[in-house]
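*Asks:* For reference, the structure I am asking about is given below.
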Amino acid sequence: MSDLRELYQQVILDHNKNPRNYREMPEAARKVEGYNPLCGDHYTVFVDLDADVIRDVSFTGSGCAISKASASVMSSTVKGKTTEEAQQLFEVFHRLVMGDQGGLSANELGRLAAFSGVSEFPARVKCATLAWHTLNTAIKGEEQVVTTE
Amino acid sequence: MSVATVNGERQTANAYDVARIREDFPILHRTVRGKPLIYLDNAATTQKPNAVIDRIVRYYREENSNVHRGVHYLSEVATAAYEGARTTVKRFLNARDEKEIVFTRGTTEAINLVASSWGGNNVREGDEVLISALEHHSNIVPWQLLCDSKGAKLRIIPVDDAGDLLLDEYEKLLTPRTRIVAVGHASNALGTINPIKRMIAMAHANGSLVLIDGAQGVPHLRVDVRDLDCDFYAFSGHKVYGPTGIGALYAKQELLEAMPPYQGGGDMILSVSFEKTTYNALPYKFEAGTPNIEGVVGLAAALDYVASLGLENIAAHEQDLLHYATACLGEIDGLHFIGTAKEKASVISFTLEGVHPHDIGTILDQEGIAVRTGHHCAQPLMMRYKVPATGRASFGLYNTREEADALVAGLRKVVEVFS
């Protein structure tokens, strides 16, 4: 049960049940779909940019608790950040779910720290990073559909 | 269940001793994450008995050689094993002749062979290919490819809320343009056993051929291709306790004779010159290249093993597990069954309110319980039931009621984590 509690930390369960920024943003500058064909997780990430500042970010879609909580935490973490800062956060997050805290304390990681348990579950890394990959694509203004395969 | 005498009950118990049968499967004795393995993902692939593992080892240790080629001793031994396996498959399906059994990589390749070779010759613009809403992607995509290349139409037999095909609709969908009906014997996602004998008769009355995707049929049901009168029947070895990468296509001889080769290469020819190649006789015309010999002998060992337990005994055991597990799972609040057809193979698809199937899968895995979660390679079917994915427990010949109890306990833990 201890590993499970590591994975399904309270922050994750809370964000899964009450996802933040879970809404469409029809006026958003960028809109990208993220899809994991293996498990069917499917999200749309909306990004409203003011030059290189992420003025607002939201998402819709469905998937497992890890993917939904990750999208929710991501949306509240990157709001107000520059696109470069958001990309750096993605790198930090990606390393974290691969088991590398990068020397950062739980405090420095903030809410992202809730995902440290994912590294013990390699099959779930894709769930945790789906929304981030999608955001990254939206920021770069690349293709409109991302898959994690 | 009928009332049996004490003697009768004892006889049944002796005929199917699951504890003894489990001894035949070495993997069932390992632990996973510190817990005894509870393997409930048999619709994805089954575990292998010693009879299969040892047969493959013996082939490599004592018999390995190429088939249909050498005059030397080992080549004769390997060829005899390979062709003996064809006879085993023929008997298992009750086919008329060995010529009607083509070894393939599995069900998928068998269906692709028919769609490409038979379909290429017989399906024309405006024709129709009829499949069902229950199909696995492997019985959808090959027909889509065929229809796209020919300008033919893919039509779909709908399914009701329980997971039964709507036979009235099926009848209406059979038209003079229907060249072939391709339908699963049993659904991998919902467990529905389709009334294929009746469906085959209806198709034949309409002048259409029928292919049965038997990937989920062969492990659970006695298959008699002559009684069914199907034109094609495809199945995979690994779903019936045999190796991966091997399967077989049964096809009526007159159909195979008229069909062009699927792939070119060695073994499928009689003579080759740069001007003209003469194809080999059946079934070799459809077996280009050195075949999967270890797979073929392993498949035969698996079919012999299953036959030794008795298909009726296996079916009775699995039906008992299906009904027992269904009753126990039904007591979990918020659990919904997807697929409640009248006749089902031992497959239970379900959702749990407020919990995504992948989270269910991860938590059960911590308990050593292997179930499948996802769309089960049947995305159109998932859309039909408006679920992105389901959890699926599928029972095999070695599973027990205690394992069903463990599944229920595991799911209660899932509910606890997410409460």
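*Asks:* Please list the non-local residues whose amide H lies under 5 Å from the amide H of A:D41, H modeled 1.01 Å from N, same-chain partners needing a gap of 5 or more.
*Replies:* Residues meeting the amide H criterion: A:N36.
*Asks:* Right, something else. Trypsin sites (Lys or Arg not before Pro), restricted to region A:1-44: which are DSSP loop and have at most 16 other Cβ atoms within 10 Å?
*Replies:* Working: sites: A:R5, A:K17, A:R20, A:R23, A:R30, A:K31; in loops: A:R20, A:R23.
Qualifying residues, ordered by number: A:R23.
*Asks:* Another question, then. In percent, what relative contact order does chain A have, based on Cα pairs under 8 Å that are 6 or more apart in sequence? Before the final figure, lay out the partial values.
*Replies:* Values: 270 pairs, mean separation 46.3, N = 149.
Value for chain A: 31 percent.
*Asks:* Can you tell me the order of B:214-225, B:340-351 when each peptide is scored by its average per-residue count of other Cβ atoms within 10 angstrom, highest first?
*Replies:* B:214-225, B:340-351
*Asks:* Would you please give the residues with an amide H less than 5 Å from that of B:A182, counting only those at least 5 places away or on a separate chain, with H modeled from the backbone geometry?
*Replies:* Excluding prolines and chain starts, which carry no amide H, the hits are B:L130, B:I131, B:L211.
*Asks:* Something else now. Would you kindly derive the ³J(HN,Hα) couplings of region A:127-141 from the backbone phi angles with the Karplus curve 6.51 cos²θ - 1.76 cosθ + 1.60 (θ = phi - 60°), listing them in order in whole Hz, with x for Gly and Pro?
*Replies:* Per residue, the Karplus-derived 3J(HN,Hα) values read 4, 5, 9, 4, 5, 5, 4, 5, 4, 4, 5, 4, 4, 6, x Hz.
*Asks:* What spacing in nm lies between the two simple spin-label points modelled at B:E402 and A:L38, each 7 Å away from Cα in the Cβ direction?
*Replies:* It is 3.3 nm.
*Asks:* Net charge near B:P142, counting Lys/Arg +1 and Asp/Glu -1 over other residues with Cβ under 12 Å of its Cβ?
*Replies:* -4
*Asks:* Averaged over its residues, how many other protein chain Cβ atoms are within 10 Å of peptide A:35-42's Cβ atoms?
*Replies:* What the average comes to for A:35-42 is 4.
*Asks:* Residue by residue, what Karplus-based ³J(HN,Hα) values in Hz, rounded to whole numbers, does region B:227-235 have, using 6.51, -1.76 and 1.60 with θ = phi - 60° and x for Gly and Pro?
*Replies:* Karplus-based 3J(HN,Hα) across region B:227-235 equals 5, 5, 6, 5, 8, 9, 9, 10, 8 Hz.
*Asks:* Could I ask something else about it? Residue by residue through region B:257-272, what is 3J(HN,Hα) from phi via Karplus (6.51 cos²θ - 1.76 cosθ + 1.60, θ = phi - 60°)? Round to whole Hz and write x for glycine and proline.
*Replies:* 4, 7, 8, x, x, 8, 9, x, x, x, 6, 9, 10, 9, 8, 10
*Asks:* Most mobile of A:V97, A:V45, A:V53 per a Gaussian network model of chain A (Cα springs, under 10 Å)?
*Replies:* Greatest mean-square fluctuation among the candidates belongs to A:V53.
*Asks:* Which of A:I54, B:I21 comes first, and how do the rest follow, when ranked by fewest Cβ neighbours within 10 Å?
*Replies:* Least to most surrounded, the residues fall as B:I21, A:I54.
*Asks:* How would you rank B:R401, B:R30, going from fewest to most other Cβ atoms within 10 Å of each one's own Cβ?
*Replies:* B:R30, B:R401
*Asks:* R0 = 35 Å: FRET efficiency of B:K386 with A:K17, Cβ-based, nearest 0.05?
*Replies:* Efficiency for this residue pair is about 0.95.
*Asks:* Right, next: Considering only the other residues whose Cβ falls under 13 Å of the Cβ of B:E331, what net charge follows from Lys and Arg at +1 and Asp and Glu at -1?
*Replies:* Spelling it out: positives minus negatives among the neighbours equals -1.
*Asks:* Right, another one. Which loop-located GluC sites (Glu not before Pro) does region B:56-146 contain, where loop means any DSSP state but H, G, I, E or B and the Cβ has at most 15 other Cβ atoms within 10 Å?
*Replies:* Filter output for region B:56-146: B:E125.
*Asks:* Can I ask one more? What are the trypsin sites (Lys or Arg not before Pro) within region B:88-117 that DSSP puts in a loop, where the Cβ has at most 15 other Cβ atoms within 10 Å?
*Replies:* Working: sites: B:K90, B:R91, B:R96, B:K99, B:R105; in loops: B:R96, B:R105.
Here the sparse-neighbourhood loop sites are B:R96.
*Asks:* A further question follows. Looking only at A:A51, A:A131, A:A114, which one moves most when chain A is put into a Gaussian network model with springs between Cα atoms under 10 Å?
*Replies:* For chain A, modelled as a Gaussian network with Cα springs under 10 Å, the answer is A:A51.
*Asks:* Can I ask one more? Calculate the tail of P(r) for chain B: the fraction of all Cα-Cα distances greater than 33 Å, expressed in %.
*Replies:* Beyond 33 Å sits 37 percent of the P(r) for chain B.
*Asks:* Can you give the calculated 222 nm mean residue ellipticity of chain B, where each DSSP H run of n ≥ 4 adds -39,500 (n - 2.57) and the sum is split over every residue, rounded to the nearest 500 deg cm²/dmol? Provide the component values of the computation, followed by the final result.
*Replies:* Numbers: 16 runs with 163 residues, N = 419.
After summing the helix terms and dividing by residue count, I get -11500 deg cm²/dmol.
*Asks:* Under 5 Å between amide H atoms, partner at least 5 residues away or on a different chain: which partners does B:R372 have, H built in plane at 1.01 Å?
*Replies:* B:R392, B:S394
Read-outs: derived from the displayed coordinates by stated rules, not from any lab. Because the structure is a prediction, the values reported are computed rather than measured. Because the Cβ atoms are built from the backbone with ideal geometry, glycine has one as well, and the counts that use them run over all protein chains shown.
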